[in-house]
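*Asks:* Structure in structure tokens, see below.
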Amino acid sequence: MAYDKFTILKSSAVPLPIENVDTDQIIPARFLKATKREGFGDNLFRDWRYNGDDTPKQDFVLNNPIYSGKILVGGRNFGSGSSREHAAWAIYDYGFRCVISSFFADIFKGNSLNIGILPVQVSPEFLNKIFEAIEADPNAELEVNLPEQTITIVSTGEKESFDINGYKKHNLTNGFDDIDYLQAMKGEIKEFEAERIF
Amino acid sequence: MSNQASTLFDKVWDAHVVRKIEDGPDVFFIDRHFIHEVTSPVAFLGLETRGIGVMYPERTFATADHNTPTINQHLPVADPLSANQLKALESNAAKYGISHWGLGHARNGIVHVVGPENGITLPGMTIVCGDSHTSTHGAFGAIAFGIGTSEVEMVLSSQCIMQPKPKKMRVNVNGQLGKGVTPKDVTLYIISKLTTAGATGYFVEYAGDVFENMSMEGRMTVCNMSIEMGARGGMIAPDETTFAYINGREQAPKGEKWDKALAYWKTLKTDEGAVFDKEYNFDAADIEPMITYGTNPGMGQGITRAIPTSDQVEGGKATYDKSLNYMGFHENENMLGKQIDYVFIGSCTNGRIEDFRAFASIVKGRKKADNVTAWIVPGSHIVEAQIKEEGILDILTEAGFELRQPGCSACLAMNDDKIPAGKYAVSTSNRNFEGRQGPGARTLLASPLVAAAAAVTGVVTDPRTLL
């Protein structure tokens, strides 16, 4: 599925300073029953966001109108648990294009990159600075620069570099995906397959 | 050391790299691809949108498990959304010529139970599925891990995914396991030591005499939980136990093919002197029957212990307090004696015959506690048949338990098997996340023995007192 190209994103951010945010929190299993990729944003953080009677939980950050933006900032070990890509879909569908944390779970990170969300891993110190900046000013902007691989807290100018492999960076900045790449090398795959014992 | 000592993981990984991309992932060939109804429909939709097909349908196997009811499977599925997903799996499989063991099929069951028990899972293979517990198949010396739906589409269309090679970790457990200490306790112990993110970025090899002496069912339980410490997967070198388990299974190689395969499989072990990026050593004697008290699988400890204080655990106090608050627990409380409401035995972690044997060993001659609702869910129809053949069903019935039909069930509560809000469930499954077993449900992860002890006493009980 096509996604928006990612180059430079300047936006305010939504803070979620909780560790080990697992994919069951991002989207509970009972909302995985669709056969199309539509509407998952409505159930993003469903059980943290809504009471049992579907009324919004006022103390949850997504229900607090002072926070908005295309960047979600989470605590350490964001996205642990299930491989459900629905978690990344829900985050994208809600309107986020970038998730920042000091540590990501592997599968979530891969899924995000595959659908056009940029996971930015920063140092624990820098993560704290981001949380502090947002606490001081909910409209505090962050600038995520993919070509330069930097993230900047705009108000203070504090900056940190982040890692991403060259292949994925190229894909994200151009809106390419892996399937295009793999389709183009089917001949090579066929030769490889012919040699397999199983 | 410049010689070529390599690890089991390297041997299997390197044999599957079709192309190395500079400053990028490996193009990684997949031998076996399992699909189920929840994470595959959007991948098939993607194929249609792009106008591309399935490259090797014979390498993909479909089974329905996540969404299926565990009672009255002969009736139409009541939830229209679930029914729709099951129908989509069936029609996609039919359209592309993929083997499909749907609801009601004699070989249907949880994908990570049916793969091994039918001889589809073999040593040295690469195996993926849109399910993080695909790591289960690593018990056979395969590289097996969970993938997202975009990757499901990649495998369907090209039999490859793009995967950076993980780092290597070895976890050694040596010594003699104590009475009542099961493979589930071994894995919960390891995760409690490494924490829920301790192996992120790594692929784990489990080594040492504890795993060498373990049955295949036990090894599957251990490898299954690898993801719960963040590892992409875990594997155990195949040995005579592995070969004996595979030999004769329906889709296992036969005759000359078997001999050829066996010769290859015997080379699948870590060479002496091979180097790991990280290595841990544990003593089997330190492991007690385990139970979790929090909201991630790393928050577990020996069942006789009191709940730690926030300064004794890794991570922030806010996160820890949130977790205990959700569970309705307090620091320094004992776990033993806590009243529970539900017991769930089943799932891809503990839904195999050995798990029901263990459960029955404690239940035999006792009665289900009145305050407990128990859901006993076999991992597959084959396991269900074994439960009946071995007389385990009679023991369960005698004790007041009922056997349900196979599926993922209350492990992720996608079907009707949901633990009600606020209730406590001792569960043999793999995740105790908030709401995992139903909105507001409180999960205590444990072994089948601990589950059985809770089921007959109605409280958290040390199974060693009942053995």
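Each value in this text was obtained by applying a stated rule to the coordinates, not by laboratory testing. None of these values were measured; they are calculated from a predicted model. A quick note on method: Cβ atoms are made from the backbone with ideal geometry, for glycine too, and the neighbour counts reach across all protein chains shown.
*Asks:* What is the spread of the Cα atoms of chain B along each of their three principal axes, largest first, in whole Å?
*Replies:* Taking max minus min along each principal axis of the Cα atoms, chain B gives 59, 56, 47 Å.
*Asks:* Work out how much length B:HIS74 to B:ASN172 would gain on full extension: take 0.36 nm times their residue separation and subtract the Cα-Cα distance, in nm to one decimal.
*Replies:* 30.7 nm
*Asks:* Report the relative contact order of chain A, percent, no decimals, based on alpha-carbon pairs under 8 angstrom and at least 6 residues apart.
*Replies:* RCO, chain A: 25 percent.
*Asks:* Now for a different question. Can you compute the FRET efficiency between B:LYS278 and B:GLU390 using 1/(1 + (r/R0)^6), with r the Cβ-Cβ distance and R0 = 51 Å? Round to the nearest 0.05.
*Replies:* Working from the Cβ atoms, E equals 0.80.
*Asks:* Considering Cα pairs under 8 angstrom that are at least six residues apart, work out the relative contact order of segment A:106-168 and quote it in whole percent.
*Replies:* 25 percent
*Asks:* Between A:ASP163 and B:THR49, what is the label-to-label distance in nm when each label sits 7 Å out along the Cα-to-Cβ direction?
*Replies:* Roughly 3.1 nm, to one decimal.
*Asks:* Structure shown: which of A:LYS186/B:LYS269; A:LYS168/B:LYS20; B:LYS95/B:LYS165; B:LYS20/B:LYS168; B:LYS11/B:LYS168 lie over 24 Å apart, alpha-carbon to alpha-carbon?
*Replies:* A:LYS186/B:LYS269; B:LYS95/B:LYS165
*Asks:* Suppose a student asked you for the relative contact order of segment B:1-286, using Cα pairs under 8 Å spaced at least 6 residues apart; what percent would you report?
*Replies:* Taking the mean separation of contacting Cα pairs over the length of segment B:1-286, I get 24 percent.
*Asks:* Counting other Cβ atoms within 10 Å, keep those with at most 12, restrict to DSSP loop, and tell me which trypsin sites (Lys or Arg not before Pro) in segment B:325-373 are left.
*Replies:* B:LYS367
*Asks:* Using the Kirkwood radius over C-alpha pairs as Rh, can you work out the diffusion coefficient of the protein assembly as shown via Stokes-Einstein at 4 °C, viscosity 1.567 mPa s, in µm² per second?
*Replies:* D = 52 µm²/s.
*Asks:* Further question on the same structure: Taking 51 Å as R0, compute the FRET efficiency from the Cβ-Cβ separation of A:THR150 and B:LYS254 and round it to 0.05.
*Replies:* After rounding to 0.05, the efficiency reads 0.30.
*Asks:* At a Förster distance of 41 Å, what's the computed FRET efficiency of B:GLU314 paired with A:HIS170, Cβ-Cβ distance as r, to 0.05?
*Replies:* Calculated transfer efficiency: 0.65.
*Asks:* Please compute, for peptide A:111-118, the average count of beta-carbon atoms on other protein chains lying within 10 Å of each residue's beta-carbon.
*Replies:* What the average comes to for A:111-118 is 3.
*Asks:* Need one number: nm distance between label points at B:SER91 and B:ARG305, each 7 Å from Cα along Cα→Cβ, rounded to one decimal.
*Replies:* 5.2 nm
*Asks:* Okay, which of segment B:62-96 sit inside 19 Å, backbone N to the point 7 Å along the Cα-Cβ direction of B:ARG107?
*Replies:* Only B:62-66, B:89-96 pass the distance filter.
*Asks:* Moving on to the next point. What number in nm² do you get for segment A:8-195 if you take the convex hull of its Cα atoms and divide its surface by four?
*Replies:* With the hull built on Cα positions only, its mean projection is 12.3 nm².
*Asks:* Here's a follow-up. With a sphere of radius 13 Å drawn around the Cβ of B:THR7, what net charge do the other residues whose Cβ falls strictly inside it have (Lys, Arg +1; Asp, Glu -1)?
*Replies:* Combined, the nearby Lys, Arg, Asp and Glu give 0.
*Asks:* In segment A:4-99, which GluC sites (Glu not before Pro) are in a loop and have at most 15 other Cβ atoms within 10 Å, using DSSP for the loop call?
*Replies:* Passing both the DSSP loop test and the Cβ count: A:GLU38.
*Asks:* Could you give the spread of the C-alpha atoms of segment B:290-465 along their three principal axes, from largest to smallest, in whole angstroms?
*Replies:* 50, 34, 24
*Asks:* DSSP loop (so not H, G, I, E, B), at most 15 other Cβ within 10 Å: list which GluC sites (Glu not before Pro) in segment B:1-100 pass both filters.
*Replies:* Filter output for segment B:1-100: B:GLU22.
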